[in-house]
Amino acid sequence: MTRPPNPESRAPDPRHAPAMAVISREYERWNSLALPSPGRVAAALKQFLVENQRWSIDQITRSIMNRFASDMNPADEPWVWLPYLARYARGPLDKFSRPKARAEGESQRELVERKLAEDRERRKLSH
């Protein structure tokens, strides 16, 4: 009798390392701290990738960027919000988890870039 293949012995998901790098980079950029609990984050990301196999690395990256550009606490540990990453697929959210308002004619990408620039400026002023 043959045994079913062990899911742990499969090749790693090629999206895992790039997504983990984006999470780590953005967390450090927004918080000026190293990513806490990287093992927990890696496990949550692995589970997200298993459950969302059709998501491209571009979709995942955009959703991560949208999460950090949202009116949510950027210091929340990513393992907490990774299971809900799909909420950010269409763009940043306000403090009530509703899509953030965009300026007339502004694309979603422009909104994210504007919010990132505003945050950088705010951090400059606070130092």
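The values are calculated or read from the model by the stated rules, or taken from the named source; none is laboratory data. Note that the coordinates shown come from a computational prediction; the quantities given were computed from them, not determined experimentally. For neighbour counting, all protein chains shown are included, and Cβ atoms are generated from backbone atoms with ideal geometry for every residue, glycine included.
Table for the structure above
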{"item": "Residue selected from region 43-81 under the condition surrounded by fewer than 20 Cβ atoms within 10 Å (Cβ to Cβ) and of a type in the set (Val, Ile, Thr), by the criterion nearest to residue 92 (Cα to Cα)", "result": "61"}
{"item": "Checking residue 111 against (1) in contact (Cβ under 8 Å) with a residue 12 or more places away in the chain; (2) loosely packed, with under 14 Cβ neighbours inside 10 Å; (3) more than 16 Å from residue 23 (Cα to Cα), the condition it does not meet", "result": "(2)"}
{"item": "Every residue from region 34-52 that is in a loop (DSSP other than H, G, I, E, B) and modelled with pLDDT of 95 or more", "result": "34, 35, 52"}
{"item": "Selection count, region 7-28, where residues are without any contact (Cβ under 8 Å) to a residue 24 or more places away in the chain and part of a helix (DSSP H, G or I)", "result": "8"}
